[in-house]
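The structure under discussion appears below in the form of structure tokens.
The values are calculated or read from the model by the stated rules, or taken from the named source; none is laboratory data. Please read these numbers as outputs of a predicted model, since none were measured by experiment. As a convention, Cβ positions derive from the backbone with ideal geometry for all residues, glycine included, and neighbour counts pool all protein chains shown. Ligands, DNA and RNA are excluded from the accessible area calculation, which covers all protein heavy atoms including side chains. Shrake-Rupley method; radii C 1.70, N 1.55, O 1.52, S 1.80 Å.
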Amino acid sequence: MNDSATALSIPAPTSTTVDLAKWEIVIGLEVHAELSTATKLFSSAPQLFGAEPNTNIDPLTLGLPGSLPVLNEQAVELAIRVGLALNCTVQRSVFARKNYFYPDLPKDYQISQFDLPIDIDGWLELPSGKHVGIERAHLEEDTGKSTHAGDTGRLQGASSSLIDYNRAGVPLLEIVSRPDIRDADQARAYVSELRSILVAVGASDGKMEEGSMRVDCNVSVRPQGSETLGTRCEIKNVNSLRSLGRAVDCEAARQVDLIEGGGTVRQETRHWNENDGRTHTLRVKEEADDYRYFADPDLVPCDPGEEWIERVRAALPALPAARRVRLAEAVTSAGGPTGSPEGIAIVVDRSLDALVLAAIEAGANAARALTHAEHNLSDERSAELDPAAFAKLVNLEVDGKLSATQAKTVLASLVAEGGDPADIAAAAGFEAMDTSELEGLVDTLIEDHPTEWGRFCEGDGKVTGFFVGQVMRATKGQADGKVVTQLLNARKG
């Protein structure tokens, strides 16, 4: 169900002094991922983000009488990919009609899967090693989008509402976790890892900012040591990892505050307001019976069969967890430090691990290649960088022929235009500074800044940045920061 229902103006009790130490937070997540198909789930209407409102439509999208659904084969294959990547059992599934009325659902029902979803009983491993169970992943069609004109952007207080049916009928895979998550950090890690898997298998682009991946978060609390689940509240359509963490912490604190104040938590759907950092009642939670599910008479059961499932399994690419291990091992084997788990994860998430591995094969310094991929290759074109050119650039820096700042500049040019890094450096007038020239500059700085030098000699590492910064400014970025640090340490004795 979507967010266009009338919001109830019931205040959410909050407390800044709530002690959560005596309570355990129980979290289950429902992630809706738009599948990367060219057309909609049951019709040939295109799905294109950012198109003019009400242009990606057809009779079925508008729920016109006589229009009949035809299942998108590619959407089924993408659902199978995700199910296998999440260690699920892929099974015969049935589409049902989920009945409810909203203006952005023109048929007055949504075609979804209920008691027989396509993927069941899987699990996802977080980078920490924790396993989160996957209850199910089912196919369904998305709804349209309501835009409420007014200061709040919500239906309450709006002067008018506009409906865009472009999104109606777009294929969604709803992935439902078991309530195995215990805090906001685990919730963020789960969504981040799931997004990486969806992108890796080509099922979705995972762009939360464009709404192609949306999270509903079910939160409840119970006393530490209790095995009984508390009453859960569902927070709808959280659209960023930061908001997810804040929403979990806020809702848990609200529930504890309510219980400790003598109240009870009621099962309901809530809306996260990023501006005031609170959840607000949206509607009292419906039960499955309220939707009056029944098998859609216009669609036959979807049974992919073992041959199709195994063909999809054989074509699955390496998943992010395996790629992180491979990259860390390759860097270590090449004699470099493994790198931080966060840095390794960033490189894999950007799909730059293949570039780094190829550059290492071409002779690049592994640690520097990894550092550049983590910090200096956020451009979407970076994955197309020539590994040999990347390796040559890295080694020009390691050999002292380019400073770190110069190497970063040359790298940006390589990504934008390609070419030979040595030629780019020469054209820019980049030359390695003579060490004797740097020594004189460092000695002058030490003489001019005795207070800072005294702090450096006493072990204040923060002052290193001061001296390096002064040298970089004086040399217009041509000095090598590592060499400057070495010279400072040598003078400290």
Taking only protein heavy atoms into account and a 1.4 Å probe, give the accessible area per residue of the chain in Å². 47 Å²
What percentage of the solvent-accessible surface of segment 152-232, computed with a 1.4 Å probe over protein heavy atoms, is contributed by carbon and sulfur atoms? 48 percent
Stretched out fully, how many nm does the piece from Leu62 to Lys130 gain, at 0.36 nm a residue minus the Cα gap? 20.1 nm
How far, in degrees from 0 to 90, does helix 435-448 lean away from the longest principal axis of the Cα atoms of the chain, to the nearest 10? 80 degrees
Each residue of segment 159-175 in turn: what ³J(HN,Hα) in whole Hz from Karplus with 6.51, -1.76, 1.60 and θ = phi - 60°, glycine and Pro shown as x? 8, 6, 10, 10, 10, 10, 8, 4, 7, 4, x, 5, x, 10, 10, 9, 9
From largest accessible area down, sort Arg381, Arg242; use a 1.4 Å probe on the protein chains. Arg242, Arg381
With n ≥ 4 as the cut-off for DSSP H runs, can you work out [θ] at 222 nm for the chain, using -39500 (n - 2.57) per run divided by the number of residues, rounded to the nearest 500? -11500 deg cm²/dmol
Note: Phe49 to Ser436 extended length (0.36 nm per residue) minus current alpha-carbon separation gives 133.6 nm
By how many degrees, between 0 and 90 and to the nearest 10, does the Cα long axis of helix 404-417 differ from the longest principal axis of the chain? 50 degrees
Per-pair calculated FRET efficiency, R0 = 60 Å: Asp460 and Glu306 via Cβ, rounded to 0.05: 0.35
Set the Förster radius R0 to 45 Å, insert the Cβ-Cβ distance between Arg266 and Glu361 as r into 1/(1 + (r/R0)^6), and round the FRET efficiency to 0.05. 0.15
One finds, for Glu329 and Phe101 with R0 = 51 angstrom and r their Cβ-Cβ distance, a FRET efficiency to the nearest 0.05 of 0.40
The distance between the Cα centres of segment 387-454 and segment 358-385, in whole Å, is 17 Å
With a cut-off of 8 Å between alpha carbons and a minimum separation of six or more residues, what is the relative contact order of segment 154-290 in percent? 18 percent
Compute, for Thr371, the solvent-accessible surface of its heavy atoms (probe 1.4 Å) with the complete set of protein chains present, and express it in square angstrom to the nearest 10. 50 Å²
Under 5 Å from the placed amide H of Ile235, counting only residues 5+ away or on other chains, we find Cys217, Asn218, Val219, Arg270
Full-extension gain in nm, Arg491 to Lys476, via 0.36 nm per residue minus C-alpha separation: 3.1 nm
³J(HN,Hα), Karplus 6.51/-1.76/1.60, whole Hz, each residue of segment 200-210, x for Gly, Pro: 4, 8, x, 7, 7, 7, x, 7, 5, 5, 9
Using heavy-atom solvent-accessible surface (probe 1.4 Å) with all chains present, what is the largest-first order of Ser212, Ser226, Ser160? Ser160, Ser226, Ser212
For segment 67-225, just say rounded, prolate or oblate: build the C-alpha gyration tensor, square-root its eigenvalues into a ≥ b ≥ c, call rounded for a/c under 1.5, and beyond that prolate if a/b exceeds b/c, oblate if not. oblate
Which angle between 0 and 90 degrees, to the nearest 10, do you get for helix 73-85 versus the longest principal axis of the chain when only C-alpha atoms count? 60 degrees
How would His131, His280, His375, His32 rank on accessible area, largest to smallest, probe 1.4 Å? His375, His131, His280, His32
Diffing segment 460-467: the Karplus 3J(HN,Hα) column from phi (6.51, -1.76, 1.60, θ = phi - 60°), in whole Hz with x for Gly and Pro, holds 6, x, 5, 6, 4, x, 4, 5
Could you compute the longest span of the chain free of GluC sites (Glu not before Pro) located in DSSP loops and having at most 14 other Cβ atoms within 10 Å, not counting the site residues? 1-226
Round to a whole number: what % of the accessible area of segment 359-493 belongs to carbon and sulfur, probe 1.4 Å? 47 percent
Too-long pairs where the Cα-Cα distance tops 22 Å, listed order kept, from Lys401/Lys492; Lys98/Lys145; Lys408/Lys476; Lys40/Lys145; Lys98/Lys236; Lys392/Lys482: Lys401/Lys492
Under 14 Å from the Leu20 label point (7 Å along Cα→beta-carbon), backbone N, segment 169-213: 181-189
Over the chain, what is the relative contact order in whole percent, taking alpha-carbon pairs under 8 Å and six or more residues apart? 15 percent
